[in-house]
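Working notes, beginning with the structure itself.
The values are calculated or read from the model by the stated rules, or taken from the named source; none is laboratory data. This one's a predicted model, so the numbers in the text were calculated from it and none came from an experiment. Cβ coordinates were reconstructed from backbone atoms using ideal geometry, including for glycine residues, and neighbour counts include every protein chain displayed. Please note that ligands, DNA and RNA were not included when accessible areas were found on the heavy atoms of the full protein model with its side chains. Shrake-Rupley method; radii C 1.70, N 1.55, O 1.52, S 1.80 Å.
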Amino acid sequence: MTTIYSDTITYHSKVYGRKHRYSIIIGNLLEHFDSSLYGFLAPILGKLFFPNFSPLYQLILTYSVFAVTFIARPLGGVFFSKLTYRYGPLKALSWTLIGVALATGLMGLIPGAEQIGILAPILLVSTRFFQSFCAAGENTIAGYYLIEKCQKHQQVPLTSIYQSSTVLGILAASSLSALIVASPDSQNLWRIPFIIGFLVGLCGLWMRFQLKDDRPLSAFNIALPYGAFLKRIKANYKLIICFIPIYGLSYLTYSFIFVFLNPYLPQISSLSLPSLMNQSSSLLWLDALIMPLVALTIRQLNWQRVMIGCALLFLVSTCALLGFFQGLSLMEVFIWRALMVIGGVGFSAALIPWAASIFPDQDKYLIHSISYAIGSETFGRTTPAICLWIYSLTNHPSSPLLYVAGVIFMTFCCFGYLYRTSENQSVDASQFSLDKL
C-alpha cells in the first residue's frame, strides 16, 4: 500500500510524549467545552438572543443555530485535511486551535438582542460558523494523530484518553452551567466560561508551538491539486457515506443525553431544570470513571460487535426512559440515563480504532473529516432541535424515540454493508495511489 508517508521514518517516543498528548487533550477539551457550554446554556441564550418567542421556540431556535455548522464543518474538515497532505497533521492542528480559541472568546463578547437587535442572532450564527469550521479540523485530525503508528493493543487505551478529554470538556461545561443556571444573575454570568475557554486555548496553543514533528517536510509536501483532491474523495465515497450515520450516532449518544434531555424532561414531567443539570454533572463523572474500564474490557473484543451491543443498550434505555417517564423519580431517571451513558461510552471508545483499521492510511484524515463533519452535524449536533421539532408536531412525549431509532437503524445498515464488502475488500481504496496523481 502506498501512503503519504513514503519515507521509512518511524516516530520516536517523544512523538507520543506528554506535550503531544497534552496539546491534543487541551484542543479536544476546549472544542467540546465550547459546544457543550452553548448547548447547556441554551435556555439562557434563547432568552437573550430570541426574546420575542415562546420558551419552546427559543430553545428550538437556539439549538437550530447548530444547523448552520452543517456547512461549516464539512468545509473545515476538507480544508484542514487537505493541509495535512501538504504540511502534516501537527501544523494543521496548530491552526485549528487558533480558530477554536478565538471563536470561544468572541462568543462571550456578543451583546444581546436588547442591545443591538437583529445583529445579535446574526453575530451568534457567524461566531458558531467560524468555531465549527476550525473545530472540524481539530476533531478530524487529533484522534487519529494520537493513535498513528502505535501498536493495535495501544489504540483503545489511547482513544480512551482522547475520549476522556472530551468528557472533561463536557464536565467542565456542565458544572459551570449548573452554577450559572442556579444563579439569579445568570443573564450576565454566562459570558465568563467562554472567556475562560479562550485562556485555556492560549495555553494549548503555546504547547503546540513548542512541538516539532519528527518527520521531515518531505514526508508530506504533497501540493494536491483540487482536481486530484476530488478524485481522492470520489475513490473513497462509499466509505464516506457509510460512516456518516455511524459518526452521527456517536455524537447523538452525547447530545441526546446531556443536551436534549435537560430542557426536554421538565416540559413533559415535574422534574426541574437545575436538578437535571446537576444530574448531568454526576453522569459525566460516571462517564469519565468508566472510560478506562471500558477501554480495558473491549480492547481484545470484536470492535464492531461491541458497537452494535452498545447501540442496542442505548436504544433500550432510551425507550424505557421516554416510554415510562410518567411517575419516574429523579433517581430512576438517573439510572436509565446512566445505562445510556454506558452504551454511548462503549460505542465511541471502539469507533476510532475500528475505523482506523478500515480506512486506507493515506486518506484516513480525508475520509474521517468529511464523514464525521457531515454525520455529527446531520444526525448528532442537531439532535436537540430535531427532537424538539418532532415533539412540537406530534405533541407526544415519546416521539423523539423515532429519531433515535432511525439513526440506529441506518447505522446498522452501514455496519452490514461494510461487513459484506470487507470480505471481498471492495471498500479498500488503497489501489488509488497518490503516486498516480
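Observations on the model:
- Filter result for residue 99 (in contact with a Cys (Cβ under 8 Å, 6 or more places away or on another chain) and under 18 Å from residue 193 (Cα atoms)): yes
- Any chance residue 169 is modelled with pLDDT of 80 or more, closer than 20 Å to residue 352 by Cβ and buried (at least 23 other Cβ atoms within 10 Å of the Cβ): yes
- Restricting 212, 238, 231 to those that are at pLDDT 85 or above and open to solvent by 40 Å² or more (accessible area, probe 1.4 Å) reduces the list to 238.
- Here region 45-61 is the region considered, the condition is being touching a residue at least 24 places away in the same chain (Cβ under 8 Å) and open to solvent by less than 10 Å² (accessible area, probe 1.4 Å), and the residue that is farthest from residue 125 (Cα to Cα) is 45.
- Every residue from region 262-292 that is aliphatic (A, V, I, L, M) and in contact with a helix residue (DSSP H, G or I) (Cβ under 9 Å, 6 or more places away or on another chain): 265, 268, 271, 273, 276, 277, 283, 284, 286, 288, 290, 291
- Residue check, residue 68 open to solvent by 40 Å² or more (accessible area, probe 1.4 Å) and among the aliphatic types (A, V, I, L, M): yes
- Filter result for residue 89 (in contact with a Phe, Trp or Tyr (Cβ under 7 Å, 6 or more places away or on another chain) and within 26 Å of residue 195 (Cβ to Cβ)): no
- Among the conditions (1) closer than 30 Å to residue 68 by Cβ; (2) open to solvent by 20 Å² or more (accessible area, probe 1.4 Å); (3) of a type in the set (S, T, N, Q), the only one that residue 369 does not satisfy is (2).
- Taken over region 180-194, the criterion of being under 16 Å from residue 34 (Cα atoms) and in a helix (DSSP H, G or I) is satisfied by 180, 189, 191, 192, 193, 194.
- The residues of region 336-394 that are polar (S, T, N, Q) and modelled with pLDDT of 80 or more, listed by number, are 348, 357, 371, 376, 378, 382, 383, 392, 394.
- Yes/no for residue 197 being in contact with an Asp or Glu (Cβ under 6 Å, 6 or more places away or on another chain) and either in a helix (DSSP H, G or I) or surrounded by fewer than 21 Cβ atoms within 10 Å (Cβ to Cβ) (or both): yes
- Qualifying residue in region 307-326 (condition: in contact with a Ser or Thr (Cβ under 8 Å, 6 or more places away or on another chain), modelled with pLDDT under 90, over 19 Å from residue 353 (Cβ atoms) and open to solvent by 50 Å² or more (accessible area, probe 1.4 Å)): yes
- Members of region 260-291 that are touching a Pro at 6+ places or on another chain (Cβ under 8 Å) and either among the hydroxyl-bearing types (Ser, Thr, Tyr) or open to solvent by 10 Å² or more (accessible area, probe 1.4 Å) (or both): 263, 264, 268, 272, 273
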